[in-house]
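Right, one structure below, let's go through it.
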Amino acid sequence: MNRNRTQFRFALVPARGRDQPGVATAMVKGLRAVDAGRMGFAMEAFTISMPAAFIHDEAAATPVDATFEVRLQRQDPPLDPLDELILLLHTAAEIEHSLMAQYLYAAYSLPDQSPQKEWQETLVGIAHQEMGHLLATQNLLLSVGASLNFEREDYPFSDFYPFPFKLEPLSVASLARYVLAEMPDRSKVPEVDVDALCAEAGVDHQIPRVGALFVAIAELIGELSSDPVFADSLPFQAEPSDWRAGPYALALRKVASITEASQLLDAIGKQGEGPDEPDEALPSHFRRFYAMYVAAKAHVGSTGQPLSDALPTNPTVHDPQAPGYLQQPIARAWGAAFNTRYRILLFTLEHLLSLSNADATRGRMRGWAFDDMKAVHDMALLLKQRPQHEPLRNDELGRARVAGAPFEMPQTLQMPNRPVDRWRELRNLMRFHLEQLSGLERDDDLAGDLSADIRERLTFISDQLEQP
């Protein structure tokens, strides 16, 4: 979503339950980000409000007292509250999607050995929960009559994101960024050395927390003068019992009232992206990432070896000049097929949420979505077995550079308005994917297995299109 006319501003305010002293305003150094030219978007420098006693020269970095927390400010001039709620929900959906892709790529970068194998399972579990948050956000959007949003910023432009979208192999630095993005306000975790995390992550300030957005959404919902939730959206919302995520539950509920919307946001928060920590038996994303960060730092310190295999950062099949370009022809072909299957998954999720739960077609498409998730997983692991370049190139440690799953989204995900056109577009995507896979069947049996699945779907879609 292009928000190049939207300004997100943050304020540093007293933590809840504390007295507010006199407040003055100062600039925070180093929070202006540039887009890298993709969208031509740059945000104003962030401002903070804090006690006058803490104000220093504006050219210097401003210290942040641990009794204060960063909060997202309301739009100025004001938006209609419901419009602002939808804006923030669309932003939340895109952030959840971005985090999910980045966590999956980090998981796929790890070798199949201990302790990395255990970390891979943790990362995949968290990514599955991010998918649950993405679906939960769609339920919230449906409940207020808003459009769905499965988009995601690519190699990014929005300063509200916790950190620039970056597909990278797992490292201590990337784990530090994940911890910072998922952590509660620093006043709630005084045992965590945030300054050391920032140094490890390569940033000179605490990056915006995902939880700040969910706090803003929850507060905005509480300020609405009337209940905007349409109960007739219930048949179209994602059914919690239909979705699963391994040993950890999904924060996914159906929403038929403001109260239920608030409860869903609270559940997302307790899973690790809101301001409060859950009970120890249900560790949050923050707690799991922080434990992994501590263990990974010790592992690197004792072995002197990187955590991951030699995958590229920001793999791409489109830009031959990029360091992450998959230059080896078979790897590039698999990368392109991966992108198409990833798009089919997202299109299928959006399409099925346009159908009522009473429609048997929705159940079939849900099965397709699970099959696509497995296909994305299998293709990502296969790409690791293909070289990135031909002839082979080694990294600075002498390891052969291997390919990685691109997760590229060059196309729009906006669905056609008419149901018949949705089926037509899905059919076109699957026909193209079938052509991609036919050229890869000699390389690996996976291509044949995926092709058989797509042929079955095309038969079903043809039946749908023949209906009056």
Once amide H atoms are placed 1.01 Å from N in the peptide plane, what residues at a sequence separation of 5 or more from Thr316, or on another chain, have their amide H within under 5 Å of its amide H?
Tyr325, Leu326
The extension gain from Asn428 to Ala196, computed as 0.36 nm times the residue separation minus the Cα-Cα distance, is 78.5 nm
May I ask for the Kirkwood hydrodynamic radius of segment 329-466, worked out over all distinct Cα pairs and given in angstroms to one decimal?
16.0 Å
Taking the Cα of Val420, stepping 7 Å toward and past its beta carbon, and measuring to each backbone N in segment 432-468: which are under 12 Å?
465-468
Cα pair distances of segment 348-411 binned at 5 Å [whole percent]
4, 15, 16, 14, 13, 11, 8, 7, 6, 4, 2, 0
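R0 = 30 Å: FRET efficiency of Phe370 with His318, Cβ-based, nearest 0.05?
Working from the Cβ atoms, E equals 0.60.
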Could you calculate the contour length gain from Glu121 to Ser257, that is, 0.36 nm times the residue separation minus the distance between their Cα atoms, to one decimal place in nm?
45.4 nm
Could you go through segment 251-259 in sequence order and give the Karplus-derived ³J(HN,Hα) for each residue, using 6.51 cos²θ - 1.76 cosθ + 1.60 with θ = phi - 60°, rounded to whole Hz, and x for Gly and Pro?
7, 9, 9, 8, 10, 10, 7, 4, 4
Where a ≥ b ≥ c are the square roots of the eigenvalues of the C-alpha gyration tensor, would you call segment 261-409 rounded, which needs a/c under 1.5, or, failing that, prolate if a/b is larger than b/c, or oblate?
oblate
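Net charge within 11 Å of Pro235 by Cβ-Cβ distance, Lys/Arg positive one each and Asp/Glu negative one each, not counting Pro235 itself?
Here the count lands on -1.
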Neighbour-count order for Val255, Val420, Val210, fewest beta carbons within 10 angstrom listed first
Val420, Val255, Val210
What distance in nm lies between label points placed 7 Å from Cα along the C-beta direction at Ser241 and Glu396?
5.5 nm
Any lysines whose Cα falls less than 27 Å from that of Lys384, other than same-chain ones fewer than 8 residues away, would be Lys117, Lys166, Lys297, Lys374
Sorted by Cβ density within 10 Å, fewest first, the residues His377, His285
His377, His285
R0 of 35 Å, Cβ-Cβ distance Gln113-Lys188: FRET efficiency to nearest 0.05:
0.50
Placing each pseudo-label 7 Å from Cα in the direction of the beta carbon, Asp443 and Asp378 end up separated by a distance in nanometres of 1.5 nm
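Every number here is computed from the coordinates shown, using simple stated rules; none is lab data. For clarity, every value in this text was computed on a predicted model and none was experimentally measured. With ideal geometry, Cβ positions are generated from the backbone for all residues, glycine too; neighbour counts draw on all protein chains shown.
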